[in-house]
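Working notes, beginning with the structure itself.
We did not get these values from a lab; they are worked out from the coordinates using the rules stated. Everything numeric here is computed off the predicted structure, so don't read it as measured data. Methodologically, a virtual Cβ is constructed for each residue, glycine included, from the backbone with ideal geometry; neighbour enumeration extends over all protein chains shown.
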Amino acid sequence: MYEVEALRSFEHGTSRKRGERFPVATKLHAEMLEGKRLVEIVGKAGEEGAAGLSEPFTVQFLERNAAEIVAWAGAVGDPAQLAEALSAEQAGKARKSVLAAIESALQPE
């Protein structure tokens, strides 16, 4: 889990205001936002686990709102991480939009 700080206001799953600090799931996601000059990476919000998230993955994953997870699924390229996320969602809230986004990201292009 990485903590980032918004450099300006923008929409990313939810409204983010300039100066707001918030966590993102992976280093790739943090770097993507930083590359678009939307955020500055502040640091890690915990020790990284094997899936690129601080442990436990399933608990932190299920705490996210659907819009954040849908955006995350579109940015993640690691099939193992997506499969783990799919299992966590199926075992937890089983939100239709989240399941569809993860399944779509798992499909080969």
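The order of the peptides 15-25, 34-44 by mean Cβ neighbours within 10 Å, most packed first, is 15-25, 34-44. The lysines whose alpha-carbon is closer than 19 Å to the alpha-carbon of Lys44, local same-chain residues fewer than 8 away aside, are Lys27.
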